[in-house]
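To start, the structure itself, in structure tokens.
The values are calculated or read from the model by the stated rules, or taken from the named source; none is laboratory data. Fair warning: this is a prediction, and the values are worked out from it, not measured in the lab. Cβ coordinates were reconstructed from backbone atoms using ideal geometry, including for glycine residues, and neighbour counts include every protein chain displayed.
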């Protein structure tokens, strides 16, 4: 057994913070790009689907961590 009984809580907290910071960074980059172009950002259906598939791929890779051989 692990020496730290709170490892699940710490993992969830760490993942939440990393996710929030990543989302904030992505939104900031989107805003910067929109300001350079002088228009509001518009994300179309195709872009949304590609983004969603990318996120699912990332989650799959994270889920494979620690399984060895990945």
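Of all the listed residues (46, 66), the sole one being loosely packed, with under 10 Cβ neighbours inside 10 Å and either touching a helix residue (DSSP H, G or I) at 6+ places or on another chain (Cβ under 9 Å) or not in a helix (DSSP H, G or I) (or both) is 66. Contact map, segment 15-44: first residue at pLDDT below 95, second residue outside any helix (DSSP H, G or I) and surrounded by 10 or more Cβ atoms within 10 Å (Cβ to Cβ), Cβ cut-off under 8 Å, separation 6 or more or different chains; pairs are 30/41; 31/41; 33/41; 34/41.
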